[in-house]
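Reading through the structure tokens given below for one structure.
The values are calculated or read from the model by the stated rules, or taken from the named source; none is laboratory data. Keep in mind it's a predicted model, so treat the numbers as computed, not measured. All Cβ positions, even for glycine, are placed from backbone atoms using ideal geometry, and neighbour counts span all protein chains on display.
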């Protein structure tokens, strides 16, 4: 837990529902849990379902071993980010838990924690909303997308952002490329977001 002067560090969240948003959320205890293609594909389907249900579109993303970055924008004045994140994380966590139960994986025990006395909870994701910020200027938006795409390069997981298969970098640079069916659905940003 981060502490500043004896108080838990608080990140301010501004839920302006008309802005493009950069979202970051992490696996429980920043463990590298997103390392198998099956789970990453399940996460992509969960993102698709949640964004469709809450009327958001996905402009860019990267799945890292222990965290996820998404850049999304609303189709209209719509749901809060808290609702969108819950709709992504909760069904995905449930599916992972069922997979771990079925396979008898010891990871199930490692990810089951005491929420309060007598109550045990499965945790795939770190508690809390993660990090998000509103992107209101075209230059900031493009810089944010570049930052998201460069994550695997900075971590030495790929030589170039286009080489990391669990990212929108390749498609973002060349939208005529066919998108891998395992990835979440992407949408070109409307030109007015880039002004």
For residue 21, indicate whether it is surrounded by 11 or more Cβ atoms within 10 Å (Cβ to Cβ) and either modelled with pLDDT under 95 or more than 18 Å from residue 164 (Cβ to Cβ) (or both).
yes
Strands (runs of 3 or more DSSP E) wholly inside region 103-195 that include at least 2 residues being without any contact (Cβ under 8 Å) to a residue 24 or more places away in the chain
112-116, 119-122
Return the residue satisfying two criteria in turn: it lies in region 29-44 and is farther than 18 Å from residue 155 by Cβ and under 12 Å from the mean Cα position of the chain (by Cα), and of such residues it is surrounded by the most Cβ atoms within 10 Å (Cβ to Cβ).
43
Test: residue 45 is in contact with a strand residue (DSSP E or B) (Cβ under 7 Å, 6 or more places away or on another chain) and at pLDDT 95 or above:
no
Can you confirm whether residue 72 is surrounded by 15 or more Cβ atoms within 10 Å (Cβ to Cβ), part of a strand (DSSP E or B) and without any contact (Cβ under 8 Å) to a residue 60 or more places away in the chain?
yes
Please verify whether residue 88 is surrounded by fewer than 15 Cβ atoms within 10 Å (Cβ to Cβ) and within 25 Å of residue 33 (Cβ to Cβ), treating the condition exactly as stated.
no
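Each row is one residue, and each column tells you yes or no for (1) touching a helix residue (DSSP H, G or I) at 6+ places or on another chain (Cβ under 8 Å); (2) on the phi < 0 side of the Ramachandran plot; (3) at pLDDT 95 or above; (4) surrounded by 17 or more Cβ atoms within 10 Å (Cβ to Cβ).
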| position | (1), (2), (3), (4) |
| --- | --- |
| 98 | no, yes, yes, no |
| 104 | no, no, yes, no |
| 117 | no, yes, no, no |
| 130 | yes, no, no, yes |
| 136 | no, yes, no, no |
| 139 | no, yes, no, no |
Among the residues of region 171-192, write down those that are at pLDDT 90 or above and surrounded by 19 or more Cβ atoms within 10 Å (Cβ to Cβ).
183, 184
